[in-house]
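Worksheet: the structure to be examined is printed underneath.
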Amino acid sequence: MADPLRFAHHRPELERSLLDGERKLRELLQGSEQELPAGKTLIRSGTDHEFVYRLISGWACRVRALSDGRDQLILVFLPGELFAVKSMFMSCHFDNVRVLADSVVQRIHQHDLHRAFVADADIANRCIWQVVEEERRLHSWVFGLGQGSAEERLALLLIDFRGRLALSDTIGRDALTYRMPLTQAQLADHLGITPVHVNRILKTFRENGIASVRDGEVAIMNLEELTRRAYPLLDAYERKTPEYVGLKGQSS
Amino acid sequence: MSESRQEDGALGSDEIRLHLAYAEASIMLLECLMLVLIERKIVPLDVLVDAVETAIEAKKSQVKDRAHPQIAAVAAGVLAQVGNSLAAAGHDGAYRAPEGP
């Protein structure tokens, strides 16, 4: 998990510090493991929350819900990632954090992490990196929601999950299948389209031999074509990283 | 009369479930048909999105008029999702209405 490749386009002079920060955080969090069931709301919007988490296994998400039934999955958290880092700085979380699949997390009280953050630049760099990385992904996602077609968004999502799972060593670096616990309704809430539309695009992908999503399992049959469809929405880092687009995709 | 209907004429849970199922099936079928119309380039995308937006406006005015405001608000939300979703079908060369003169 301490692979420098995980730190997209980091400044080379920060690499040592980021890797050391990763190691030190692991030591800080060791022994705090908790099992969380799928469906649990870990953090409620509008509340103060005292903990920062690292996802060890499983999936979680940040989600905002409206009273008229509209939900938006804002971010999906995958193994190895820190989340709720804002607990250190803000007295209120504005969105829910929900567990999508049975998960194991580690957690640390924000006071303890803040003490370490102030005392150790490596830990501070690693925490800030998580925010920077989330911002990179959110920028891509905002671009996708504003400018991308439904098909481009879904292709991007399948590639994004693959890349992040590979870089966290949850799956092999060249794996073309992975477990994905999101239902079609949850995919729709992340993609900003309806479940009917998700279903229709998945059918097209399946019929064209590009990818299939069935029973919580993603199988990418033609990564090159999936990359071609996602390409307008991929950022410069993703376009050049084989864990996202494969070796052929880099030259698309 | 359905077995599930109450003595006072109110709908019972079985009947409500049936109505909800019809409502859900209807909106899904409608959306699917609209996607087919767009994909086959039969109706311009912007015309369909405009139709959904008209429906949203109608629902929102029902909220203002206090006509089933709670249901109307959720219905407007459902329609907004359908409208946004349809709009996302349109980046791949979907048929759009010709520009005006």
With the structure loaded, tell me whether A:G144 is among the small types (G, A, S), within 30 Å of A:V218 (Cα to Cα) and outside any helix (DSSP H, G or I) or whether it fails that test. no
Of all residues being of a type outside the set (G, A, S) and surrounded by fewer than 17 Cβ atoms within 10 Å (Cβ to Cβ) in the stretch A:90-100, which is nearest to the other protein chains (Cβ to nearest Cβ)? Just the residue, please. A:F94
Which of (1) modelled with pLDDT of 95 or more; (2) within 14 Å of chain B (Cβ to nearest Cβ); (3) under 27 Å from B:A25 (Cα atoms) is the odd one out, the single condition A:L156 does not satisfy? (3)
Among (1) in contact with a helix residue (DSSP H, G or I) (Cβ under 8 Å, 6 or more places away or on another chain); (2) surrounded by fewer than 21 Cβ atoms within 10 Å (Cβ to Cβ); (3) of a type outside the set (F, W, Y); (4) closer than 24 Å to A:V142 by Cβ - the single one A:A65 does not satisfy: (1)
What are the residue pairs meeting all of these: first residue in the stretch A:4-22, first residue within 15 Å of A:V131 (Cβ to Cβ), second residue among the polar types (S, T, N, Q), Cβ atoms under 6 Å, and 6 or more apart or on different chains? A:L18/A:N125; A:G21/A:N125
Considering only the stretch A:210-252, state which residues are in a helix (DSSP H, G or I) and of a type in the set (S, T, Y). A:T227, A:Y231, A:Y237, A:Y244
Looking at the stretch A:68-89, I want the residues that are more than 14 Å from chain B (Cβ to nearest Cβ) and assigned to a helix (DSSP H, G or I) and have a partner that is crowded, with 18+ Cβ neighbours inside 10 Å and β-branched (V, I, T) with Cβ atoms under 8 Å, at least 6 apart or on another chain. Which pairs are those? A:V85/A:V52; A:S87/A:V52; A:M88/A:V52
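The values are calculated or read from the model by the stated rules, or taken from the named source; none is laboratory data. Every value quoted in this text rests on a predicted model; they were computed, and no experiment measured them. Here the Cβ is made from the backbone with ideal geometry for all residues, glycine too, and neighbour counts use every protein chain on show.
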